[in-house]
Amino acid sequence: MRLALAQLEIEAAAVDSNVDRAVAAIERAAGNGADCVALPEIFDVGYFAFDAYARNAEPLGGETHRRISAAAAEHGVSVLAGTVVEDLAASADAGESVPAEEGYANTAVLFDSDGERRLVYRKRHLFGYDSAEAELLVPGEDLQTAEIGGHTVGVTTCYDLRFPEQYRQLVDSGVTLVLVPSAWPYPRVEHWKLLPRARAVENLVYVGAVNGSATFDDAALVGRSRVYDPWGTTLASSDDDPTIVYADCDPERVEAVRAEFPALKDRR
């Protein structure tokens, strides 16, 4: 499977422009042979545009998801719709299973190459330190997986990288590739370079960590999207400018590494 990480330019509260760039990136990545395209965290509103969350929140299957689903089907690629701000009450009204009957969630949706929804993941670990995220959003509960391109795919989001037990749960579900949409800011560049790699090494999985490229009033994202193989080898990486990075992720490589170095069998 050829994975593409779309490190998008993201403007605060400019939903139409941000989604336009996402759709264009899907088309470009598909044209370059991608089988799966991953978008960053809150690529629609912009992670640090907290004041814009409520007025731009959408239910599952809202306009942003419809556009991303249509792009996936048109270009024949699977797409992780990074995350968007989900209106939980509107999703509940539409008959969706939700962690709370009201409020907002930081929600990723994985569409297959027919544009069908295969996985929903709501960020479980909300950033602390009295952050606006923890005040505004409801944490998710489920850890779904999906079969895409020969991989069993799981999703975590940004701050989840600091909680390795969540990745163990995914490994126990058979995951071979974890996609991590993020809005990781300066100055924690070294943490961003370390944590996805550590999750790959300790779980013997591919990790594709896709960040945005954006500057907000009081924060800037580090970019540096990257793909690690099950040995923790960097297969693709970027700087902090908008770009798309590509890496071939062979599910048989996971089996081979685990056979050569069966550390997961030694857990107690």
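The values are calculated or read from the model by the stated rules, or taken from the named source; none is laboratory data. These figures come from a predicted structure and were not determined experimentally. So basically every Cβ, Gly included, is an ideal-geometry build from the backbone, and we count neighbours across all protein chains shown. Side chains are part of the model used for accessible areas, which takes the heavy atoms of the whole protein and leaves out ligands, DNA and RNA. Shrake-Rupley method; radii C 1.70, N 1.55, O 1.52, S 1.80 Å.
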- Query: Of all residues in the stretch 108-143, which are assigned to a strand (DSSP E or B) and open to solvent by less than 40 Å² (accessible area, probe 1.4 Å)?
  - Reply: Ala108, Val109, Leu110, Phe111, Leu119, Val120, Tyr121, Arg122, Leu137
- Query: What number of residues in the stretch 239-262 are closer than 19 Å to Asp35 by Cβ, part of a loop (DSSP other than H, G, I, E, B) and open to solvent by less than 60 Å² (accessible area, probe 1.4 Å)?
  - Reply: 1
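Listed here are the residues, each with its yes/no results for (1) under 22 Å from Asp241 (Cα atoms); (2) modelled with pLDDT of 95 or more; (3) in a helix (DSSP H, G or I); (4) in contact with a Cys (Cβ under 9 Å, 6 or more places away or on another chain).
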site	(1), (2), (3), (4)
Glu165	no, yes, yes, no
Val171	no, yes, yes, no
Glu190	yes, yes, yes, no
Leu194	yes, yes, yes, no
Val201	no, yes, yes, no
Val207	yes, yes, no, no
Asp217	yes, no, no, no
Gly223	yes, yes, no, no
- Note on the structure: Among residues of the stretch 211-235 being within 14 Å of Ala200 (Cα to Cα) and more than 16 Å from the chain's Cα centre (by Cα), the residue surrounded by the most Cβ atoms within 10 Å (Cβ to Cβ) is Pro230
- Phe111 being within 20 Å of the chain's Cα centre (by Cα), among the hydrophobic types (A, V, I, L, M, F, W, C) and over 22 Å from Val153 (Cα atoms): no
- Query: Conditions: (1) free of Cβ contacts under 8 Å to residues at least 40 places away in the same chain; (2) of a type outside the set (Val, Ile, Thr); (3) assigned to a loop (DSSP other than H, G, I, E, B). Ala13 meets all but one. Number of the miss?
  - Reply: (1)
- Given Gly115, Gly95, which one is within 19 Å of Ala6 (Cα to Cα) and small (Gly, Ala, Ser)? Gly115
- Taking the condition closer than 20 Å to Pro40 by Cβ and either hydroxyl-bearing (Ser, Thr, Tyr) or open to solvent by less than 10 Å² (accessible area, probe 1.4 Å) (or both), does Leu195 pass? no
- Determine which single condition Gln166 fails, assuming it passes every other condition in (1) more than 18 Å from Phe111 (Cβ to Cβ); (2) surrounded by fewer than 22 Cβ atoms within 10 Å (Cβ to Cβ); (3) touching a strand residue (DSSP E or B) at 6+ places or on another chain (Cβ under 6 Å). (3)
- Considering residues of the stretch 22-77 that are more than 25 Å from Asp114 (Cβ to Cβ) and among the β-branched types (Val, Ile, Thr) only, the residue surrounded by the most Cβ atoms within 10 Å (Cβ to Cβ): Ile42
- Query: Within the set of pairs 6+ apart or on separate chains, which have a first residue in the stretch 244-268 that is more than 14 Å from Glu202 (Cα to Cα), a second that is in a loop (DSSP other than H, G, I, E, B) and open to solvent by 60 Å² or more (accessible area, probe 1.4 Å), and C-beta atoms under 7 Å apart?
  - Reply: Tyr246/Asn32; Pro251/Gly150
- Query: List, please: which pairs have Cβ atoms under 6 Å, are six or more places apart or on different chains, and start with a residue in the stretch 89-107 that is over 12 Å from Ala54 (Cα atoms) and open to solvent by 30 Å² or more (accessible area, probe 1.4 Å) and end with one that is small (Gly, Ala, Ser) and part of a loop (DSSP other than H, G, I, E, B)?
  - Reply: Pro99/Gly140
- Message: Would you confirm whether or not the stretch 242-252 contains a residue that is under 16 Å from the mean Cα position of the chain (by Cα), closer than 21 Å to Thr157 by Cβ and of a type in the set (Phe, Trp, Tyr)?
- Response: no
